[in-house]
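Here the structure is laid out as C-alpha cells; the discussion comes afterwards.
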Amino acid sequence: MQRTFILLKPDCVQRRLMGRVISRFEEKGLNIVAMKMLRITPELAKQHYAEHVEKSWYGALEAFITGGPVVAAIVEGLDAIRVVRNMLGATSGLDAPAGTIRGDFSGSRQMNLVHGSDGPEAAEREMALYFEESEICGYQPTITPWLRASDES
C-alpha cells in the first residue's frame, strides 16, 4: 500500500465540493487514513510550496492558498500517488479531460480545487507538514476483498 497527500484547496471548500471530491477517492477504493480542516498560514504555505517561493507568481499563490479553509488528507491504496494524480487530471481545469476532478469541476489554472503529491518524496514531505504520526489512522476496510485481489498489496 502507498500513501499520498491531498489538499482540498479553498476554492473546493468555498464551492462546497468537498464531499463530491472525497467520495471520488473512496469510490475508487482508496482509504482516507487522515483528514482535517485548517487554515494555511503564510509560513506553512512557504514550506508547502518551497520550490515556488522565488517565482514571480508566488504571491498570488500564497494569497489564494491562505485565503480560506482547506482540507488536508492522506489517502492510501495501490499505487496511490499515480492513481490520485490521474483522478485529478491536468493542472489546469481548462486542459483536464472530462471524468477527472479538475475536468469536471474546474475551469481555471489556479483554481484547480485539489493538490496531490507528485511523487513519493513529495508525499512524505507534505504528509509530515500537515500530520503527526499519531493522527494517521490506518485500517483495513471490510470491503477490501471486493476491491482488489488478495495478492495485490
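For Lys46, the lysines whose Cα comes closer than 30 Å to its Cα, not counting residues fewer than 8 places off in the same chain, are Lys9, Lys36, Lys55.
Taking a Cβ cut-off of under 14 Å around Ala72, the surrounding Lys, Arg, Asp and Glu residues balance to a net charge of +2, with basic ones at +1 and acidic ones at -1. Tell me the net charge near His52. Cut-off is 10 Å between Cβ atoms, His52 excluded, with +1 for each Lys or Arg and -1 for each Asp or Glu. Charge balance near His52 sits at -1. Each label was represented as a point 7 Å from its Cα along the Cα-to-Cβ direction; for Tyr139 and Leu44 these points are 2.4 nm apart. Stretching the chain fully between Phe64 and Ala98 yields a gain of 9.8 nm (0.36 nm per residue, less the alpha carbon separation). Taking 0.36 nm per residue of sequence separation and removing the Cα-Cα distance, the Thr91/Asp118 pair yields an extension gain of 8.6 nm.
Here are several values of semi-axes √(5λ) of the Cα gyration tensor in Å: (i) 26, 18, 14; (ii) 22, 21, 15; (iii) 71, 21, 15. Which one was derived from the coordinates shown? Correct label is (i). Two tests apply to each whole DSSP H helix in the chain, Cα reach of 18 Å or more along its axis and mean Kyte-Doolittle hydropathy of at least -1.0, and none passes both. Bridging of Lys28 to lysines at a Cα separation below 17 Å is possible for none of them, once same-chain residues fewer than 8 apart are set aside.
FYI, it's all coordinate maths here, none of it is from the lab. Predicted model only: the values in this text are computed from it and were never measured. We place every Cβ from the backbone using ideal geometry, glycine too, and count neighbours over all the protein chains shown.
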